[in-house]
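Only one structure is covered here, and it is reproduced in the block below.
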Amino acid sequence: MRVLELYSGIGGMHCAVKECGISYEIIAAIDVNTTANKIYKHNFPESNLMDCGIESLSATQLDEMKIDMIVMSPPCQPFTRVGKKLDAEDIRTKSFLHLLSLLPRLNNCPKYILVENVKGFEDSETCLKLRETLMKCNFTYQEFLLTPLQFGIPNSRLRYYLIAKRSPLKFSFANTTEIMTSLPSINSEENSSSTNATNISQPSTACISDESTRTNDHCKNSSHISSSHHMQSSPAKPAKKKETQHGMLGKSINNSDATDKKSPDIPAATCPICRESCLQSAGYNMRQLSEGEEEEDKYLCRLVQDFLEDQPPEYFQPFMLTRKDLKRFIVMDIVFPCLQKTTCFTKRYGHFMEGAGSIFQMSHSISEMTAASELKDRTLELKNRDQWSDEDYQVLSRLRLRYFTPREIANFLCFPATYNFPQDLSKIQLYRTLGNSLNVRVVSKLIQLMVKEQTSHVQV
Ligand SMILES: C[S@@+](CC[C@H](N)C(=O)[O-])C[C@H]1O[C@@H](n2cnc3c(N)ncnc32)[C@H](O)[C@@H]1O
């Protein structure tokens, strides 16, 4: 499979193509961002990374590449809910429209196309143009709105996806003009039969099997998640004990009789089963859920602790929240190891608090959480955090709040353990490029679905 990776960023698509198990070659990866390109090159030194604008590509150039598949995440700013939604009028959409204008003129039109973008793209004029172009070029397509939470990954990142394949190739499922909000299931018999791609297998680096999604099992043999299961900065022994208890309780969730299985010696704030009371004792985390978020709470995901780096306390020092950061306490989404959801990590993570991604709390102390909760109530009443005293800041600093590390965010995005970052880049550069990237697991599942061919059933 000869793959062209457009808007390649740090190579999320590349990782997904690799993970899905097809035999592939990235013919070219194209991006204009110097930092992202540096990270891409660091991880894929052999790749033909082109540092040029996609608007400069010609039909002849694309034809000469003899591409089977295009994977791409065009810039999303013109379509985001919080942005100006300039859509096709936004200069950042120009290169994508240029690409759409090239497709009908190709002699070697690709067989497969995958597009990723933000929720909201589906209502844009640009998306309409995409659909029209695909139909003109004899593609059938299927659109999706999916979040990693549906795949058992405790990270919210609702995104628009489109997979397309060119006639005479056909999807292995009944595609529809409706936007699907879950993946159609492919039965195992079909899975083993002929596909257009060579040898689709379960990803060898998989850390989160579909099984573990349901049972909350920890993936102990995983090579995927480089970090491990507990924080070293918390007392090591209790953490060990917790893991066993989480595992046990996690399994009983599936038997739907879990609620009264709490062991009396598990502190409320560290038990996945009593998540409710855990949040209640930490009242400051009781955010008002925005529209659609209640829906997200129904997924049973792995625990946040499975995505943490296993490092000594001093390693996390540069990631601790400063006094200035703590001022934004009221708008923070604070998570603990035992929770099963983090909010979407955006490119503003690390320098902007509200809506930029979850903050991790290293303290497990109920009394400290209660004190912080009282402080939040008081502050909400006063509507003025400037009245915080030094003692109030002490209350917050005892929570030991920190940012997730870039590696931990890469874990939530399901980048493989072998993926890493050049040493000379700043935290903010890493957060920015990671925030622009995608969930590798979700895209890998979509590629598998896209390349799987319809099987004709022979009547015996
Ligand atoms: C949403 S990000 C894609 C992220 C990528 N999938 C990843 O895993 O990191 C969009 C990317 O498009 C790049 N980009 C924007 N306009 C471009 C253009 N005209 N030509 C090439 N790359 C462009 C940006 O630098 C950015 O890295």
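Return Asp306, Asp90, Asp51 ranked ascending by Cβ neighbour count within 10 Å, so the fewest neighbours appear first.
Asp51, Asp90, Asp306
All C-alpha pair distances within region 89-151, sorted into 10 Å bins from zero, spread as 17, 52, 25, 5, 0 percent across the bins.
In percent, rounded to a whole number, the relative contact order of region 344-460 is 36, using alpha-carbon pairs under 8 Å and six or more apart. Gyration tensor analysis over the Cα atoms of region 381-450 returns equivalent ellipsoid semi-axes of 37, 16, 11 Å (largest first, whole Å).
The alpha carbon convex hull volume per residue for region 1-105 rounds to 113 Å³.
Could you tell me which of rounded, prolate or oblate describes region 313-373, using a ≥ b ≥ c as the square roots of the eigenvalues of the alpha-carbon gyration tensor, with rounded for a/c under 1.5 and, failing that, prolate when a/b is larger than b/c and oblate otherwise? Rounded, since a/c falls under 1.5.
Any read-out appearing in this document is the output of simple, stated calculations on the displayed coordinates, not a laboratory observation. Note that the structure is a prediction, hence the values are computed from the model and not measured. Cβ coordinates were reconstructed from backbone atoms using ideal geometry, including for glycine residues, and neighbour counts include every protein chain displayed.
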